[in-house]
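Read the structure below first, then the notes.
The values are calculated or read from the model by the stated rules, or taken from the named source; none is laboratory data. Computed from a predicted structure; not experimentally measured. Every residue, glycine among them, receives a Cβ derived from its backbone with ideal geometry; neighbour counts consider all protein chains shown. Quick note on the areas: whole protein, heavy atoms, side chains included, nothing else; ligands and nucleic acids left out. Shrake-Rupley method; radii C 1.70, N 1.55, O 1.52, S 1.80 Å.
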Amino acid sequence: MPTPAAIRLVHLTPRPGASGVGDYAADFEQAVAPYVNSVEVVHYEAPRHDRAIDMIRFRRHLREVLGRGDGTTVLHTELSGGSATPFWALAGLRGVTMTATVHDAPRPIWMPALTRLVGRYRFVSPAIHRGLRPFWEWLERRVVRRAHLFALTTTGADEMRAMRMGATVGESRLVVPRRTAVPPIWERPLAVGLFGHVYRGKGFELIPALREALGPDVLIRVAGRGTEDLEPLDGVEIVGPVDGPDEDAFFASIRTLLLPYGRRAVGGRIALPASATHLQGIAYDTPSIALPWPTMDELAAEGACTVVHGGVAELAAAAEQLVRSDAAMRTEHDRICAYRASLTDEAAVAPYLAVWGAP
């Protein structure tokens, strides 16, 4: 065991169960705990939840928390699209080492004005944030100028440096969550899966086309936050949100994950997040097949997934070829197990520890 450094880590994260970022934060805290003296968690709400007054109160609360510490305090924040509450809490903050993981690189949050009122009206937030994009990018750059930022992909880190975001830009990887062992993929039912939080760009709108392209005996199973609101379709089993044993059961019921990502550009920029869905699959020894996308291409180069050039038909054909071949599944199983072994907790947290001054 390492000797913990005399560092009090204050960690700003979404509330548990609110998002994939919150799930990641819990794994991150577990990974860094051996290296710091204490971890104090301060939760913020999911995007669109807080009013402006709530953000002001959160800002005051954070300063009270920071003021209670003795010795070296480090403030670490999880920033993602629409996370306006922690973003505004950082504005003007001095006298403390600040780091942040930027989950939707290259911009820290993309929607600084996303209060509950703004989010209530469908077209207000896009009008405000796209119409004033140069101003918001300048503001985001200014607010995080003293923070040491980390991206979870190489492409994201490169774009952040090009945009001159943060005092420094580092690079890490998602912490692999610890999950219960499930049967190997060749022993699972003949099914493919889509998993994760439903929002634009994740490819859930392609389910009808995938259903049509796949053989009728190949079931599509869909799980994650928001999937319960998707339209029912023959040959598609919608599971809804899953945690704990339900998540284990979902991954034990599919042979591969499909990742048909494709986000729209905002003012000429695209978000380059690491795929938590892909990593969940890795934790369950489940391979992924994706359509071309910068972060998916990066994973493919690392041997972590398969990227299929083309569209839905090509994606479905690649999935069919994999899930119907015992030999192909065994090869994929060996490949992703080797990749998972390379993703140690120590490697994931080392870039942060270097900035914090921890051993």
Portion, in percent, of the accessible area of the range 233-338 that falls on carbon or sulfur, probe 1.4 Å: 54
Let me know the volume per residue of the alpha-carbon convex hull for the range 73-129, in Å³. 82
Using only alpha-carbon positions, what ratio does the radius of gyration of the range 188-231 give when scaled by 2.2 N^0.38 Å? 1.15
Calculated from backbone phi, Karplus (6.51, -1.76, 1.60) coupling profile of the range 184-201 in Hz, x at Gly/Pro: x, 4, 6, 9, 8, x, 6, 8, 10, x, 10, 9, x, 6, 6, 7, 4, x
Share of Cα-Cα pairs in the range 310-357 beyond 15 Å, in percent? 65
In Å², nearest 10: area of residue 312 left accessible to a 1.4 Å probe: 30
Using only the alpha-carbon atoms, what does the range 129-177 span along each of its principal axes? Please give whole angstrom values in decreasing order. 37, 23, 19
Roughly how many Å² is the accessible area per residue of the range 161-202, as a whole number, for a 1.4 Å probe? 47
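Heavy-atom accessible area per residue, the range 1-90, 1.4 Å probe: how many Å²? Don't skip to the end; give the middle numbers.
On the way: 3840 Å² over 90 residues.
Value for the range 1-90: 43 Å² per residue.
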Rounded to two decimals, the Debye log10 I(q)/I(0) of the range 207-352 (Cα scatterers, no solvent) at q = 0.20, 0.21 Å⁻¹ is -1.47, -1.57
Packing rank of 295-301, 252-258, 59-65, where each peptide gets the mean count of other beta carbons within 10 Å, highest leading: 252-258, 295-301, 59-65
Given points 7 Å out from each Cα along the Cα-Cβ axis, report the residue 228 to residue 317 separation in nanometres with one decimal. 3.9
Rg to Rh for the range 220-290: what is it, with Cα atoms only and Rh by Kirkwood? 1.01
If eta is 1.002 mPa s and T is 20 °C, what Stokes-Einstein diffusion coefficient results for the range 124-276, Kirkwood Rh from Cα pairs, in µm²/s? 118
Note the per residue figure in Å³ for the convex hull of the C-alpha positions in the range 1-125. 104
Calculate how large, on average over all directions, the projected area of the Cα convex hull of the range 1-64 is; give the answer in nm² to one decimal. 4.8
Please calculate how many Å² of accessible area the range 212-291 carries per residue, with a 1.4 Å probe and no DNA, RNA or ligand atoms counted. 39
For the range 141-215: span of alpha carbons on each principal axis (Å, largest first): 52, 31, 18
Over 34 Å, how big is the tail of the calculated P(r) for the chain, in percent of all Cα pairs? 27
If we sort 327-333, 22-28 on the protection proxy, mean other Cβ atoms within 10 Å, highest first, what's the order? 22-28, 327-333
Label points 7 Å out from Cα along the Cβ direction at residue 162 and residue 96: separation in nm? 3.4
Residue span residue 51 to residue 333: 0.36 nm per residue of separation minus Cα-Cα distance leaves a gain in nm of 96.9 nm
Could you please tell me the mean projected area of the C-alpha convex hull for the range 46-110, averaged over all directions and given in square nanometres to one decimal? 4.5
Expressed as a whole percent, how much of the Cα-Cα distance distribution for the range 282-334 exceeds 19 Å? 26
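Apply the a/c threshold of 1.5 to the C-alpha gyration tensor of the range 70-194 and tell me whether it is rounded, prolate or oblate.
Details: a/c = 2.07, a/b = 1.38, b/c = 1.50.
It comes out oblate by the Cα gyration axes.
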